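Student: One structure coming up, written as structure tokens, with questions to follow.
The values are calculated or read from the model by the stated rules, or taken from the named source; none is laboratory data. Everything numeric here is computed off the predicted structure, so don't read it as measured data. Cβ placement follows ideal geometry from the backbone for every residue including glycine, while neighbour counts extend to all protein chains displayed. Note: areas computed on protein heavy atoms with side chains; ligands, DNA, RNA excluded. Shrake-Rupley method; radii C 1.70, N 1.55, O 1.52, S 1.80 Å.
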Amino acid sequence: MSQVITRIAPSPTGFMHIGTARTALFNWLYARGRGGKFYIRIEDTDRKRSTTEAKRVIIDGLGWLGLDYDGDIISQFERAPRHIEIAETLLKNGKAYKCFCSNEEIQKFKTEAQKSSKSTLFKSPWRNTDPSKHPNGPYVIRIKAPGSGETIIQDKVQGKIVIKNDLLDDMVLVRSDGSPVYMLAVVVDDHDMGVTHVIRGDDHLNNAARQNLIYKAMEWEIPVYAHIPLIHGEDGKKMSKRHGATSIEEYEKKGYPASGMRNYLARLGWSHGDDEYFNDQQALQWFDLHNIGKSAARFDLKKLQFLSGQHIKNADDTLLLNQIIDFYSKDKKSIISTEKVELLKSGLYCLKDRAKTFAELIEKAQFILTELPIQISSDAEINLDKFGLKMLETLTPQLHNVRWVREDLEHVCNSVAESCGVKFGKLASPMRSALSGQTKTPSVFDMMLVLGRDITILRLNSAQGI
Ligand code: GLU
């Protein structure tokens, strides 16, 4: 088989919908898994919406997701002359015709058809008119649809779709202002780009039949189609803001790792047995069109969070550290000092466990990122009552000479707790407050080990006003 070529063809809407991201991922997986090419074409013919910013959102979204593409990004708008050229070719070959009907005439046709319960699909009187009889007025170019018979689409996801040709009108290819219509642009672009597989939302299934007319008229090879079901919210309705964030950018901002997002999006409508958690290599190896489900996928935030957590937990430390530093600087608009980066590095082992997002991981890393004097939250403050401070007073001197290893620290803390007549948990609370200013942190031993003796003692003293 020839090289696989896929594409994502988003229209710039101002944000990148999670469904578009998933479509892009499916196309990327399919092409990259087969040594093929993956292109981006921006369908920017709607000039009002196609701002630089709207295009940037798409490119950034794909960039964040880590979906690399081949060649240059193609602008559909810039290819308009080529679309017109094809319409002209169809005219020349007698596969299309000039129609001089006004909107009023078309409307009149439809009203009359409706009255006499006939098909309202417009039948232009110009279809078979000899061009020598053409007037000099404005015209549109229409394709000559077959009118009878059937159009069959062999869809890799939806199966065999049969559309009666009498339901397909002589659609307009070029408007009277000379601009090509979207349906023509898509076909010409896909053909010229050599697209072999069109993987897109099933809201485009109806378009496929109409687009087929153009392929057939040009005698071009029809690509393999895979129309994937849309994403629904947990209530089974089309995914919208009510169900959670719909734009991919929001997931980036919330600190989901791109690898977790890729894993989750791949599972959204596609499956490989019972595998939930997998990496890119596995996805690339496994992904195929026949495992895409026919029914709408349901967005499940809990699953995304679970997978995201797994990806953080299993991430390579150096890579994860860089991602966290990057996320932090974007989120907090400030940088992490080299000193703290070193601490983060040594603390990653206890931070990466159970953090569902980078934001959560950073939250857990507050004991590292914070500075003296530590801001103590109101919850944490409660533990620094008289008795809590008394316990810290007993503990601190004993930390000067203890070997700074988990076992010995545990031993000292347990004996201090015992001498204060409490279980260790009771001592841990003021320690936690003093070391981090918070109540939700890694274990006090992990914090002590990561911070080291000097910082630990400084913070315990500081809580006691020393
Ligand atoms: N521009 C269309 C969209 O954003 C996609 C068209 C296609 O994939 O053929 O939904």
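Student: Listed residues 25, 62, 29, 90; which is more than 15 Å from the ligand (Cβ to nearest atom), of a type outside the set (Gly, Ala, Ser), under 30 Å from residue 297 (Cβ atoms) and buried (at least 21 other Cβ atoms within 10 Å of the Cβ)?
Tutor: Numbers: 25 fails: more than 15 Å from the ligand (Cβ to nearest atom); 62 fails: more than 15 Å from the ligand (Cβ to nearest atom); 90 fails: under 30 Å from residue 297 (Cβ atoms).
Only one candidate passes the filter, namely 29.
Student: Only one of 152, 199 is β-branched (Val, Ile, Thr) and either surrounded by 16 or more Cβ atoms within 10 Å (Cβ to Cβ) or in contact (Cβ under 8 Å) with a residue 40 or more places away in the chain (or both). Can you tell me which?
Tutor: Values: 152 fails: either surrounded by 16 or more Cβ atoms within 10 Å (Cβ to Cβ) or in contact (Cβ under 8 Å) with a residue 40 or more places away in the chain (or both).
Unique residue meeting the criteria: 199.
Student: Just to be sure I understand, how many residues within segment 173-186 are touching a residue at least 60 places away in the same chain (Cβ under 8 Å) and either more than 9 Å from the ligand (Cβ to nearest atom) or not aliphatic (A, V, I, L, M) (or both)?
Tutor: Let us first name the residues in segment 173-186 that are touching a residue at least 60 places away in the same chain (Cβ under 8 Å), namely 173-174, 178-180, 182, 184-186.
Keeping just the survivors that are either more than 9 Å from the ligand (Cβ to nearest atom) or not aliphatic (A, V, I, L, M) (or both) gives 173-174, 178-180, 182, 184-185.
Within segment 173-186, residues that are touching a residue at least 60 places away in the same chain (Cβ under 8 Å) and either more than 9 Å from the ligand (Cβ to nearest atom) or not aliphatic (A, V, I, L, M) (or both) number 8.
Student: Among the numbered conditions (1) in a loop (DSSP other than H, G, I, E, B); (2) within 21 Å of residue 229 (Cα to Cα); (3) modelled with pLDDT of 95 or more, tell me where residue 245 comes up short.
Tutor: Unmet for residue 245, out of (1) in a loop (DSSP other than H, G, I, E, B); (2) within 21 Å of residue 229 (Cα to Cα); (3) modelled with pLDDT of 95 or more: (3).
Student: Right, here's the next one. Sort out which residues of segment 257-284 are open to solvent by less than 10 Å² (accessible area, probe 1.4 Å) and either touching a residue at least 60 places away in the same chain (Cβ under 8 Å) or hydroxyl-bearing (Ser, Thr, Tyr) (or both), and write them in order of number. So that I can check it myself, show each step before the final result.
Tutor: So the first thing to find is which residues in segment 257-284 are open to solvent by less than 10 Å² (accessible area, probe 1.4 Å), and the list is 257, 260-261, 263-266, 268, 270, 278, 283.
Listed by number, the residues that qualify are 257, 261, 264, 265, 266, 268, 270, 283.
Student: Here's something else I'd like to know. Taking the condition assigned to a helix (DSSP H, G or I) and either closer than 30 Å to residue 296 by Cβ or open to solvent by 80 Å² or more (accessible area, probe 1.4 Å) (or both), does residue 107 pass? Full working, then the answer.
Tutor: On the way: assigned to a helix (DSSP H, G or I): yes; either closer than 30 Å to residue 296 by Cβ or open to solvent by 80 Å² or more (accessible area, probe 1.4 Å) (or both): yes.
Answer is yes for this residue.
Student: Pairs needed: first member in segment 328-349, more than 22 Å from residue 443 (Cβ to Cβ); second member anywhere, surrounded by fewer than 12 Cβ atoms within 10 Å (Cβ to Cβ); C-beta distance under 9 Å; at least 6 residues apart or different chains.
Tutor: 328/334; 328/335; 329/335
Student: Residues in segment 304-319: is at least one among the aliphatic types (A, V, I, L, M), open to solvent by 60 Å² or more (accessible area, probe 1.4 Å) and within 23 Å of residue 249 (Cβ to Cβ)?
Tutor: Here is the first cut: in segment 304-319, the residues among the aliphatic types (A, V, I, L, M) are 304, 307, 312, 315, 319.
Narrowing the set further to residues that are open to solvent by 60 Å² or more (accessible area, probe 1.4 Å) leaves 319.
Cutting the leftovers down to within 23 Å of residue 249 (Cβ to Cβ) gives us 319.
Among the residues of segment 304-319, at least one is among the aliphatic types (A, V, I, L, M), open to solvent by 60 Å² or more (accessible area, probe 1.4 Å) and within 23 Å of residue 249 (Cβ to Cβ), which makes the answer yes.
Student: Would a scan of segment 344-357 turn up a residue that is acidic (Asp, Glu) and either under 15 Å from residue 435 (Cβ atoms) or surrounded by fewer than 13 Cβ atoms within 10 Å (Cβ to Cβ) (or both)? Quick ask: steps written out before the conclusion?
Tutor: At the first step, the residues of segment 344-357 found to be acidic (Asp, Glu) are 353.
When the remaining residues are screened for being either under 15 Å from residue 435 (Cβ atoms) or surrounded by fewer than 13 Cβ atoms within 10 Å (Cβ to Cβ) (or both), the result is none.
Looking for residues that are acidic (Asp, Glu) and either under 15 Å from residue 435 (Cβ atoms) or surrounded by fewer than 13 Cβ atoms within 10 Å (Cβ to Cβ) (or both), one finds none in segment 344-357, hence no.
Student: Limited to segment 208-219, what total is found for residues that are of a type in the set (Gly, Ala, Ser) and either surrounded by 21 or more Cβ atoms within 10 Å (Cβ to Cβ) or near the ligand (Cβ under 9 Å from one of its atoms) (or both)? Can you show your working first?
Tutor: Step one: of segment 208-219, the residues of a type in the set (Gly, Ala, Ser) are 208-209, 217.
Right, trim to either surrounded by 21 or more Cβ atoms within 10 Å (Cβ to Cβ) or near the ligand (Cβ under 9 Å from one of its atoms) (or both) and you get 208, 217.
Residues flagged as of a type in the set (Gly, Ala, Ser) and either surrounded by 21 or more Cβ atoms within 10 Å (Cβ to Cβ) or near the ligand (Cβ under 9 Å from one of its atoms) (or both) within segment 208-219 amount to 2.
Student: Which numbered condition in (1) closer than 22 Å to residue 169 by Cβ; (2) open to solvent by 30 Å² or more (accessible area, probe 1.4 Å) is the only one that residue 101 fails?
Tutor: (2)
Student: Right, another one. Residue 161 fails exactly one of the following numbered conditions: (1) surrounded by fewer than 18 Cβ atoms within 10 Å (Cβ to Cβ); (2) of a type outside the set (Ser, Thr, Tyr); (3) assigned to a strand (DSSP E or B); (4) within 13 Å of the ligand (Cβ to nearest atom). What is the number of that condition?
Tutor: Unmet for residue 161, out of (1) surrounded by fewer than 18 Cβ atoms within 10 Å (Cβ to Cβ); (2) of a type outside the set (Ser, Thr, Tyr); (3) assigned to a strand (DSSP E or B); (4) within 13 Å of the ligand (Cβ to nearest atom): (4).
Student: While we're on this one: Of the residues 184, 205, which single one is open to solvent by 20 Å² or more (accessible area, probe 1.4 Å), aliphatic (A, V, I, L, M) and in a helix (DSSP H, G or I)? Walk me through how you get there before you give the answer.
Tutor: Values: 184 fails: open to solvent by 20 Å² or more (accessible area, probe 1.4 Å).
That would be 205, the only listed residue that is open to solvent by 20 Å² or more (accessible area, probe 1.4 Å), aliphatic (A, V, I, L, M) and in a helix (DSSP H, G or I).
Student: So which of 13, 45 ends up being within 20 Å of the chain's Cα centre (by Cα), in contact (Cβ under 8 Å) with a residue 12 or more places away in the chain and open to solvent by 60 Å² or more (accessible area, probe 1.4 Å)? I'd like the intermediate steps shown before the answer.
Tutor: Working: 45 fails: within 20 Å of the chain's Cα centre (by Cα).
Testing whether each residue is within 20 Å of the chain's Cα centre (by Cα), in contact (Cβ under 8 Å) with a residue 12 or more places away in the chain and open to solvent by 60 Å² or more (accessible area, probe 1.4 Å) leaves just 13.
Student: Further question on the same structure: Quick check: anything in segment 288-297 among the aliphatic types (A, V, I, L, M), surrounded by 14 or more Cβ atoms within 10 Å (Cβ to Cβ), without any contact (Cβ under 8 Å) to a residue 40 or more places away in the chain and over 27 Å from residue 59 (Cβ atoms)? Let's see the steps before the verdict.
Tutor: Filtering segment 288-297 down to residues among the aliphatic types (A, V, I, L, M) leaves 289, 292, 296-297.
Now narrow it down to the ones that are surrounded by 14 or more Cβ atoms within 10 Å (Cβ to Cβ): 289, 292, 296-297.
Checking which are without any contact (Cβ under 8 Å) to a residue 40 or more places away in the chain leaves us with none.
So far as segment 288-297 goes, no, none of its residues is among the aliphatic types (A, V, I, L, M), surrounded by 14 or more Cβ atoms within 10 Å (Cβ to Cβ), without any contact (Cβ under 8 Å) to a residue 40 or more places away in the chain and over 27 Å from residue 59 (Cβ atoms).
Student: Residues being more than 34 Å from the chain's Cα centre (by Cα) and more than 29 Å from residue 84 (Cβ to Cβ): count how many of those fall in segment 149-172.
Tutor: Matching residues across segment 149-172 total 2.
Student: Do you know which of the residues in segment 423-462 that are surrounded by fewer than 15 Cβ atoms within 10 Å (Cβ to Cβ) and not in a helix (DSSP H, G or I) is nearest to the chain's Cα centre (by Cα)?
Tutor: 440
Student: Follow-up question, since we're still on this one. Residues being near the ligand (Cβ under 10 Å from one of its atoms) and aliphatic (A, V, I, L, M): count how many of those fall in segment 1-15.
Tutor: Adding up the residues that qualify gives 2.
Student: Would you check if there is a residue in segment 375-391 being open to solvent by 30 Å² or more (accessible area, probe 1.4 Å), in contact with a helix residue (DSSP H, G or I) (Cβ under 8 Å, 6 or more places away or on another chain), under 26 Å from residue 448 (Cβ atoms) and among the basic types (Lys, Arg)?
Tutor: For segment 375-391, residues open to solvent by 30 Å² or more (accessible area, probe 1.4 Å), in contact with a helix residue (DSSP H, G or I) (Cβ under 8 Å, 6 or more places away or on another chain), under 26 Å from residue 448 (Cβ atoms) and among the basic types (Lys, Arg): absent.
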